[in-house]
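The values are calculated or read from the model by the stated rules, or taken from the named source; none is laboratory data. Model, not experiment: these values are computed from the prediction. Cβ sites come from the backbone with ideal geometry, for glycine too, and all protein chains shown count toward neighbours.
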Amino acid sequence: MSVLAYDLGAGSGRAILGHLNDRGMETREIHRFKNEPVKAGERMYWDILRLHHEVLQGLSLVKQHGEVPESLGIDSWGVDFGLLGGNGELLGNPYHYRDTQFNGMMERICQELSAKRIFERTGIQFLPFNTLYQLATLKRSASPLLREAERFLMIPDLLRYFLTGEAVNEFTNATTTQLYNPVLAKWDEELLDHIGVSSQCFGEVVMPGTSVGQLRSGIRHELGLASIPVIAVAEHDTGSAVVAVPATERAFAYLSCGTWSLMGTELHQPAISAESLALNFTNEGGAGGTYRLLKNIMGLWILQESMRQWEREGQGIGYAALLAKADTAPPFASLFDPDDELFLPAGDMPERIRQYCRSTGQKVPDDQGSIARAILESLALKYRRVLEWTEQLSGQSFNGLHMVGGGIQNQLLCQWTASSIGKPVWAGPAEGSAIGNMAVQWMASGELKDIWEARRVIRDSFPITEYEPKDRSVWAEAYERFLRITAVSPPLS
Ligand code: LFR
C-alpha cells in the first residue's frame with residue numbers, strides 16, 4: 001500500500017512515495033524543490049503559494065508515475081503560521097521565524113508573565129521566535145492582519161487547507177507555538193488573553209493520524225486524480241523524525257539533524273519541572289501519545305549560512321570540498337557556543353564566528369576549512385553537553401545516540417559526535433521526517449500497529465551506519481576547554 005509524504009524543510013521540500021509490504025518499507029523520491037525565504041522591505045517571508053504550487057506539482061508527478069497513493073500527509077518546520085480572513089482567504093504571507101521584527105518580545109512577555117508561568121502552562125522551551133512572541137509582536141505593532149484574522153493555521157495546516165478546504169489544527173505542531181496547554185489539552189486561554197489574540201481563531205486540535213478531508217474537487221478535476229484522503233500526520237517535522245528513530249530500547253536518545261539539531265529523548269508525559277525550565281528544554285507533542293523532551297541546538301544552519309556568505313562573496317564552495325578542507329584543518333583551534341544568539345539571524349556567519357573568537361581570545365579562523373572545522377567541532381561538543389543534560393533531566397542513561405535526518409550525510413559530523421560523546425552513533429535513516437510521516441499514515445490505516453512496530457520495520461528497511469568513538473582523551477580535553485570558553489550555562493538561570 002503506497003502513501004505520499006511531503007516533508008518541507010527550511011531550505012528545501014520533497015515529495016516521497018512510500019510502499020509497505022512484507023519485505024518492509026521502500027521509498028521513492030518523486031519531487032524535490034527549493035524553499036527559499038523571500039525578503040521584501042524589512043520583512044522575511046515564506047513563499048507559501050510557491051510551496052502550494054510544489055505540492056500540486058508533486059501530485060501531478062505521482063500521477064505521471066502511474067501511482068495512486070492511498071493517502072497523503074504534510075510535515076514542516078514548526079512555529080510559523082498563516083491567518084485566514086472571514087472569507088476563508090489567506091491574509092498576507094506567513095513571516096519567516098528568523099524575521100528580526102520579533103526581537104526582544106520574548107524578554108518582554110517573560111517580564112510581564114514570568115518564564116515560570118509560561119513554562120508551567122506549556123512546557124515549551126524559550127525560543128525568541130515561538131508563535132507566542134510572533135503574535136504578540138503583530139498585536140503590539142497593530143498589524144492589520146490580526147484585526148481581520150478569523151482563523152489561525154500553522155504551515156502544514158494551511159497547505160492541507162489549500163488541498164482540502166478543511167481548517168483544522170494538528171497537535172504536534174500546535175505544541176510548538178508555546179500557546180498550547182498539554183495538561184488541559186487545549187489552547188491556553190490565559191496566554192492568548194494576555195497577548196490580546198482571540199481564542200476564536202484557534203480551532204479544534206486533532207491528533208496525528210486523523211483523517212481530515214479529501215482533495216478538493218477542483219484539484220481532482222484539474223489534475224485528473226481520484227479522491228485521496230489527507231491525513232494530519234505528526235505535522236511538526238521533528239515529531240515525524242522521532243517516529244522514524246529506529247530504536248530498540250524504550251529509553252533512547254536521538255539527534256534529528258537538519259538545519260536545526262534537535263536532541264533529546266521520548267517520554268509519555270511532559271516533564272514540566274524547575275530543572276527542565278532552568279535548562280530550557282522543551283516538551284513537544286509527538287505521535288502515539290508521546291512527548292519529546294529535547295533542546296534545540298543551532299545546527300548545520302551555521303554551516304549552510306556560511307556557505308551562502310561565501311557564495312555572495314564569489315568564493316562559493318561545494319559541500320564535499322568544504323568537508324575535505326575541514327577534515328585537514330588544525331583540530332580544536334577555535335571553539336564557540338553554536339547557540340549564542342549571534343548565530344540566529346541570517347547573515348555573515350564566518351565574520352560572526354571570527355568576532356566570537358576574537359572576543360574570547362582564541363585563534364581567529366581565517367580560511368574556509370578552519371571555519372567549517374570550528375563549526376562542526378563546536379556542534380559535536382555542544383551535543384555532549386545537551387546529551388548529559390538529557391540524561392540528567394530524564395533520569396536515564398543512554399548507551400548510544402541515534403542520528404536521523406539529512407545531516408547524517410555529513411560523516412565528519414557523525415564521527416566527531418561519537419568521539420565527543422564517547423558512545424556509538426547510529427546514523428539513519430536520512431529521510432527521517434518523510435519516513436515518520438508515512439509511518440503515521442500507515443498507523444492510521446492499521447497497516448502498522450503502533451509506533452514500535454513502525455520503528456522495527458524502519459530498522460529492517462533502511463541502512464544504519466554505526467560510528468564508534470575515537471581519540472577519547474583528546475575530545476575529553478577539548479570538552480573541558482569548550483565548557484570554559486563558552487561558559488555554557490542554562491540560558492534562564
Ligand atoms: C526543525 C524545526 C524545529 C523548530 C524549528 C523552527 O525543522 O521544526 O523543531 O524549533 O524548526 O520551527
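Can residue 265 be described as within 14 Å of the ligand (Cβ to nearest atom), touching a residue at least 40 places away in the same chain (Cβ under 8 Å) and β-branched (Val, Ile, Thr)?
No.
Can you tell me which residue within the stretch 37-58, out of those that are under 23 Å from the mean Cα position of the chain (by Cα) and assigned to a loop (DSSP other than H, G, I, E, B), is nearest to residue 134 (Cα to Cα)?
Only one residue tops the list, namely 46.
Please give the helices (runs of 4 or more DSSP H) falling wholly within the stretch 128-191 in which 3 or more residues are within 16 Å of the ligand (Cβ to nearest atom) and under 27 Å from residue 340 (Cβ atoms). Reasoning before the result, please.
On the way: elements: 131-140, 144-148, 155-164, 171-175.
Correct list: 131-140.
Within the stretch 83-125, how many residues are in contact (Cβ under 8 Å) with a residue 40 or more places away in the chain, in contact with a Pro (Cβ under 7 Å, 6 or more places away or on another chain) and closer than 30 Å to residue 347 by Cα?
3
Out of everything in the stretch 1-15 that is in a loop (DSSP other than H, G, I, E, B) and of a type in the set (A, V, I, L, M, F, W, C), what residue ends up being surrounded by the fewest Cβ atoms within 10 Å (Cβ to Cβ)?
Restricting attention to the stretch 1-15, the residues satisfying the condition of being in a loop (DSSP other than H, G, I, E, B) are 1, 9-11.
With of a type in the set (A, V, I, L, M, F, W, C) added as a condition, the list becomes 1, 10.
Numbers: 1: 13, 10: 21.
Out of the qualifying residues, it is 1.
For residue 427, state whether it is touching a Ser or Thr at 6+ places or on another chain (Cβ under 6 Å) and without any contact (Cβ under 8 Å) to a residue 60 or more places away in the chain.
Values: touching a Ser or Thr at 6+ places or on another chain (Cβ under 6 Å): yes; without any contact (Cβ under 8 Å) to a residue 60 or more places away in the chain: yes.
It is true that residue 427 is touching a Ser or Thr at 6+ places or on another chain (Cβ under 6 Å) and without any contact (Cβ under 8 Å) to a residue 60 or more places away in the chain.
Suppose we filter 331, 338, 246 for residues that are out of contact with any helix residue (DSSP H, G or I) (no Cβ under 6 Å at 6 or more places or on another chain) and not aliphatic (A, V, I, L, M); which single one remains? Break it down stepwise before answering.
Values: 338 fails: out of contact with any helix residue (DSSP H, G or I) (no Cβ under 6 Å at 6 or more places or on another chain); 246 fails: out of contact with any helix residue (DSSP H, G or I) (no Cβ under 6 Å at 6 or more places or on another chain).
Answer to the selection: 331.
Yes or no: the stretch 35-52 includes at least one residue that is within 16 Å of the ligand (Cβ to nearest atom), under 21 Å from residue 225 (Cβ atoms) and surrounded by 20 or more Cβ atoms within 10 Å (Cβ to Cβ). Explain how you work it out, then say what you get.
Let us first name the residues in the stretch 35-52 that are within 16 Å of the ligand (Cβ to nearest atom), namely 35-37, 44-46, 48, 51.
Right, trim to under 21 Å from residue 225 (Cβ atoms) and you get 51.
Now narrow it down to the ones that are surrounded by 20 or more Cβ atoms within 10 Å (Cβ to Cβ): 51.
Looking through the stretch 35-52, at least one residue is within 16 Å of the ligand (Cβ to nearest atom), under 21 Å from residue 225 (Cβ atoms) and surrounded by 20 or more Cβ atoms within 10 Å (Cβ to Cβ).
Being more than 16 Å from the ligand (Cβ to nearest atom), closer than 30 Å to residue 442 by Cβ and free of Cβ contacts under 8 Å to residues at least 60 places away in the same chain is the filter here; which residues of the stretch 287-343 pass it?
The first filter runs over the stretch 287-343 and keeps only residues more than 16 Å from the ligand (Cβ to nearest atom), leaving 288-289, 306-337, 340, 342.
Narrowing the set further to residues that are closer than 30 Å to residue 442 by Cβ leaves 288-289.
Result: 289, single match.
Any idea which of 218, 239 is assigned to a helix (DSSP H, G or I) and closer than 21 Å to residue 186 by Cα?
Values: 218 fails: closer than 21 Å to residue 186 by Cα.
After applying the criteria, what remains is 239.
Kindly indicate whether residue 231 is closer than 15 Å to residue 76 by Cα and either more than 20 Å from the chain's Cα centre (by Cα) or within 16 Å of the ligand (Cβ to nearest atom) (or both).
Numbers: closer than 15 Å to residue 76 by Cα: yes; either more than 20 Å from the chain's Cα centre (by Cα) or within 16 Å of the ligand (Cβ to nearest atom) (or both): no.
For residue 231, the condition - closer than 15 Å to residue 76 by Cα and either more than 20 Å from the chain's Cα centre (by Cα) or within 16 Å of the ligand (Cβ to nearest atom) (or both) - is not met.
Given the criterion closer than 29 Å to residue 205 by Cβ and outside the structural domain of residue 130 (by the TED database), identify the matching residue among 335, 303, 323, 279. Full working, then the answer.
Numbers: 335 fails: closer than 29 Å to residue 205 by Cβ; 303 fails: closer than 29 Å to residue 205 by Cβ; 323 fails: closer than 29 Å to residue 205 by Cβ.
Testing whether each residue is closer than 29 Å to residue 205 by Cβ and outside the structural domain of residue 130 (by the TED database) leaves just 279.
Of the residues 380, 418, 372, only one is buried (at least 20 other Cβ atoms within 10 Å of the Cβ), touching a Lys or Arg at 6+ places or on another chain (Cβ under 7 Å) and either assigned by the TED database to the domain that holds residue 29 or assigned to a helix (DSSP H, G or I) (or both); which?
Values: 380 fails: touching a Lys or Arg at 6+ places or on another chain (Cβ under 7 Å); 418 fails: touching a Lys or Arg at 6+ places or on another chain (Cβ under 7 Å).
The unique qualifying residue is 372.
Mind counting the residues in the stretch 194-221 that are charged (D, E, K, R), more than 30 Å from residue 452 (Cα to Cα) and out of contact with any helix residue (DSSP H, G or I) (no Cβ under 8 Å at 6 or more places or on another chain)? Full working, then the answer.
Initially, the stretch 194-221 is screened for residues charged (D, E, K, R), giving 204, 216, 220.
Among the residues that remain, those that are also more than 30 Å from residue 452 (Cα to Cα) are: 216, 220.
Now drop any that are not out of contact with any helix residue (DSSP H, G or I) (no Cβ under 8 Å at 6 or more places or on another chain), which leaves 220.
Of the residues in the stretch 194-221, 1 are charged (D, E, K, R), more than 30 Å from residue 452 (Cα to Cα) and out of contact with any helix residue (DSSP H, G or I) (no Cβ under 8 Å at 6 or more places or on another chain).
Which ones in the stretch 59-96 are away from the ligand (no atom under 16 Å from the Cβ) and either of a type in the set (Lys, Arg) or assigned to a strand (DSSP E or B) (or both)?
So the first thing to find is which residues in the stretch 59-96 are away from the ligand (no atom under 16 Å from the Cβ), and the list is 59-72, 83-93.
If the condition is that a residue be away from the ligand (no atom under 16 Å from the Cβ) and either of a type in the set (Lys, Arg) or assigned to a strand (DSSP E or B) (or both), then 63, 72, 83, 84, 90, 91 are the ones that fit.
Among the residues of the stretch 45-75, write down those that are farther than 20 Å from residue 34 by Cβ and in contact with a Pro (Cβ under 9 Å, 6 or more places away or on another chain). Steps first, please.
Applying the first criterion (farther than 20 Å from residue 34 by Cβ) to the stretch 45-75 yields 63-73.
Of everything in the stretch 45-75, those that are farther than 20 Å from residue 34 by Cβ and in contact with a Pro (Cβ under 9 Å, 6 or more places away or on another chain) turn out to be 70, 71, 72, 73.
Which one of these does residue 260 not meet: (1) within 24 Å of residue 426 (Cα to Cα); (2) within 14 Å of the ligand (Cβ to nearest atom); (3) surrounded by 24 or more Cβ atoms within 10 Å (Cβ to Cβ)?
Among (1) within 24 Å of residue 426 (Cα to Cα); (2) within 14 Å of the ligand (Cβ to nearest atom); (3) surrounded by 24 or more Cβ atoms within 10 Å (Cβ to Cβ), the lone unmet condition for residue 260 is (3).
Residues in the stretch 65-102 that are surrounded by fewer than 18 Cβ atoms within 10 Å (Cβ to Cβ) and among the polar types (S, T, N, Q): how many?
The total comes to 4.
Out of (1) farther than 30 Å from residue 303 by Cβ; (2) not assigned by the TED database to the domain that holds residue 287, what's the single condition that is false for residue 233?
Just one mismatch for residue 233, condition (1).
Do the conditions hold for residue 400, that is, is it assigned by the TED database to the domain that holds residue 359, out of contact with any Phe, Trp or Tyr (no Cβ under 8 Å at 6 or more places or on another chain) and either free of Cβ contacts under 8 Å to residues at least 24 places away in the same chain or of a type outside the set (A, V, I, L, M, F, W, C) (or both)? Steps first, answer last, please.
Details: assigned by the TED database to the domain that holds residue 359: yes; out of contact with any Phe, Trp or Tyr (no Cβ under 8 Å at 6 or more places or on another chain): no; either free of Cβ contacts under 8 Å to residues at least 24 places away in the same chain or of a type outside the set (A, V, I, L, M, F, W, C) (or both): yes.
Spelling it out, it is not the case that residue 400 is assigned by the TED database to the domain that holds residue 359, out of contact with any Phe, Trp or Tyr (no Cβ under 8 Å at 6 or more places or on another chain) and either free of Cβ contacts under 8 Å to residues at least 24 places away in the same chain or of a type outside the set (A, V, I, L, M, F, W, C) (or both).
Identify all residues within the stretch 428-449 that are under 15 Å from residue 170 (Cβ atoms) and either part of a loop (DSSP other than H, G, I, E, B) or not small (Gly, Ala, Ser) (or both); write none if there are none.
The first filter runs over the stretch 428-449 and keeps only residues under 15 Å from residue 170 (Cβ atoms), leaving 433, 436-437, 440-441, 443-444.
If the condition is that a residue be under 15 Å from residue 170 (Cβ atoms) and either part of a loop (DSSP other than H, G, I, E, B) or not small (Gly, Ala, Ser) (or both), then 437, 440, 441, 443 are the ones that fit.
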